[in-house]
Amino acid sequence: MSFSQSLATHFPNALPAELFVRRTYEALWRLGFVKANTFAGIGLCRDELTRPLAEEIEKTWGEAFNFSGLAGMLYLGKAGFTASLHHAPDEEGSTRHVYFALPHIGIMPDGRIGLCNRPGQLKPSPACGALVAFLNELTTGSIRVNLDMDDIELSLLKQRLIPKLQYGQVPELVALTKIAQTAIREDLERLILLTLGPSHNHYAVLSGIQIHGPQQQTFVWPCEPYAVVDGVRHPITLPSPSPVELGID
């Protein structure tokens, strides 16, 4: 199976990262969100492979607040999230926010899942390494769920995701990454409700999965993006990319 076949099988309608950022900006522009009046929050994995997407977001939306944790999990809590709210431009008593929150996964040129070629390395390495480490514990049955103060973020990741698994379930990495995406989105929406006050602030939730392909290509599989303006939810529909836009064989 090739990369393009694996991408289409597991992440249908994934978009190149630049196209994802551009199309979501265009959709939000129609709802009144523009660079000058909106503040972005970015929650990606700490992995350096996620930087191209973060850079594309900041090129489009301006300097952003960094929410990032291992695997893209959101560990900043209410205090960290509230701090980001104070950075948004004031718009007659309200503010606008756009939130990007995505775990990530690698796909090799031959379609293998969970690996990627990093610049300067001779062999493929895992992506996401934190989710692969968690999956290895599940596979061997040696899962450790106590809070390890020397490995806090991985401990919190496991504690957050284990309740989403059926007893004895060992999902494949694609499924585990999608479970992580669901948890990240839930955590983001909870933080918004705890801190933002949606009745007089406007925000967009742009969640999904970031995918690393051959030659440092980056894609995004969107998961039901939407915006809330004046308390009304607006689904965002992103057209499927054309073969030319997709840019792969």
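Where a number appears in this text, it was derived from the coordinates with a stated rule and is not lab data. None of these values were measured; they are calculated from a predicted model. Glycine gets a Cβ as well: all are built from the backbone with ideal geometry, and neighbour counts include every protein chain shown.
Some observations on this one:
- For region 73-137, the relative contact order works out to 18 percent when only alpha carbon pairs closer than 8 Å and six or more residues apart are counted.
- DSSP finds beta bridges in the chain, and of those with both partners inside it, around 50 percent are antiparallel.
- From the coordinates shown, Rg and Dmax of the Cα atoms in Å corresponds to which of (i) 18.0, 56; (ii) 18.1, 65; (iii) 17.0, 49: (i)
- Exposure proxy shown here: for 226, 203, 99, 167, the number of other Cβ atoms within 10 Å sets the order, fewest to most, as 167, 226, 203, 99.
- The helix-only estimate of mean residue ellipticity at 222 nm for the chain, built from DSSP H runs of length n ≥ 4 each weighted as -39500 (n - 2.57), is -11000 deg cm²/dmol after division by the residue total.
- Packing-based exposure ordering (other Cβ within 10 Å, fewest first) of 228, 98, 145, 244: 244, 145, 228, 98
- By the count of other C-beta atoms within 10 Å, a proxy for reagent exposure, 144, 118 are ordered fewest to most as 144, 118.
- 17 Å Cα-Cα reach of residue 158 towards lysines, excluding residues that sit fewer than 8 places from it in its own chain: 178
- Taking a straight line from the alpha carbon of residue 35, these lysines sit under 22 Å away, with near neighbours fewer than eight places off in the same chain left out: 59.
- A simple charge model with +1 on the Cβ of Lys and Arg, -1 on the Cβ of Asp and Glu and nothing else charged puts the dipole of region 68-158 at about 360 debye relative to its Cα centre.
- Qualifying GluC sites (Glu not before Pro) in region 33-68, where qualification requires a DSSP coil assignment and no more than 10 other C-beta atoms within 10 Å, comprise 63.
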